[in-house]
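Right, one structure below, let's go through it.
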Amino acid sequence: MKLSKRGEYALRALIDLGIAAELGRPILQISELAAKEKLPIKFLEQIFTQLKAASFVASKRGKLGGYSLARPMNKIKFGSVIRLIDGPLAPISCVSETAYERCTCPDEDHCGLRMLMLDVRTAIIKILDRYSLEDIVEITLRKMRRDKVSPPFISRAFNLGSVLSELPPGGSVSAKRTNERRTRAA
């Protein structure tokens, strides 16, 4: 198994969506994801088309639209995503469970290479099917906190309670924004 760039970018984008969701931003625009990962938007859109067709992500149109996770993070297993994007996890086709093809070996049952690759396939499957998006997001955020690194997408995350508590008495949101713009312009 070799993870393609397309598979790598799909996994990184899902991790980004998971991190954003944990930080209170359940929807991200594709331009934000593309900018963070330094990817062409069109390429990322193609990947998201595949992820959406398999119900890993959902999309919402409009100014406040974008992509969000379509399933709980603990239901998105890395093995499933890789199979969707890159195909079987087996290193050679004669050991694949989903795309088996007879190899050129004259005695497949006693082929040492096949026996070794069966073990490799089994180890890969055990790891990739065990880890969920929830696990990887948790690990990533824990390491970011430990290293005092600001998570991506946090600058636009907000808490409605804190926004409401900062409103001036009897003031409106638009009045507060006007005051903030004046302060920044000064």
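The values are calculated or read from the model by the stated rules, or taken from the named source; none is laboratory data. In this text, all values refer to a predicted model and were calculated from it rather than measured experimentally. Every residue, glycine among them, receives a Cβ derived from its backbone with ideal geometry; neighbour counts consider all protein chains shown.
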Legend entry - residue 38 vs. criteria of a type in the set (D, E, K, R) and either modelled with pLDDT of 95 or more or within 30 Å of residue 93 (Cα to Cα) (or both): no
Inset, instruction - Output the number of residues of region 56-107 satisfying the condition of being β-branched (Val, Ile, Thr) and within 22 Å of the chain's Cα centre (by Cα). - result: 5
Legend entry - Qualifying residues in region 116-151 (those that are surrounded by 16 or more Cβ atoms within 10 Å (Cβ to Cβ) and outside any helix (DSSP H, G or I)) - the one modelled with the highest pLDDT: 132
